[in-house]
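Here is the structure we will look at.
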Amino acid sequence: AAAAALTLTDGWVKAADTGMTALFGTLKNTGSAPVTVVGGSSNIAGMIETHEVVMVDGAAKMQPKKGGFEIPPGGTHTLAPGHDHIMLMGLTKAVKPGDQVKITLKLGDGSTVDVTGLGKDFSAGNESYQPTPTMSMSGM
């Protein structure tokens, strides 16, 4: 039921040849219960996580969003550069402008929902990555 209630509008993915990229757009919960996005998968990325951007020592840093993104019933959650986003790490294939990138979002109840983001050229902000102690960014 949660998967049927979640949609992505204006979904797009920053074009990238290697390493990391991100999914942006607006998640909408059309259901009557909260929906939480906790991760995902894609045939073009080794790992997908929910990420937030926080200020650390005066600099914007990306880090995994503990607990994911909760979207209230009838609510929306914006994924935007420099803010919350779905991070695609360890790209196995380049994302070119115009590509249709398919991503399966994993929800807190164990269900999944398939979304698509359009590959777009975009100059990202100056945020850097703030890894967690349990995660390694080697090879990304």
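The values are calculated or read from the model by the stated rules, or taken from the named source; none is laboratory data. Since this is a predicted model, take the numbers as computed values, not measurements. Using ideal geometry, Cβ is built from the backbone for each residue, glycine included, and neighbour counts are taken over all protein chains shown. Quick note on the areas: whole protein, heavy atoms, side chains included, nothing else; ligands and nucleic acids left out. Shrake-Rupley method; radii C 1.70, N 1.55, O 1.52, S 1.80 Å.
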Among the residues of the stretch 9-67, write down those that are touching an Asp or Glu at 6+ places or on another chain (Cβ under 6 Å), assigned to a loop (DSSP other than H, G, I, E, B) and touching a residue at least 60 places away in the same chain (Cβ under 8 Å).
15
Residue count, the stretch 95-113 (criterion: under 18 Å from residue 47 (Cβ atoms) and open to solvent by 90 Å² or more (accessible area, probe 1.4 Å)):
2
Regarding the stretch 52-62, can at least one residue be identified that is in contact with a Leu (Cβ under 7 Å, 6 or more places away or on another chain) and exposed (fewer than 14 other Cβ atoms within 10 Å of the Cβ)?
no
Test result for residue 91, over 15 Å from residue 6 (Cβ atoms) and in contact (Cβ under 8 Å) with a residue 12 or more places away in the chain:
yes
From (1) over 15 Å from residue 16 (Cα atoms); (2) open to solvent by 40 Å² or more (accessible area, probe 1.4 Å); (3) of a type in the set (S, T, N, Q), pick out the condition that doesn't hold for residue 92.
(1)
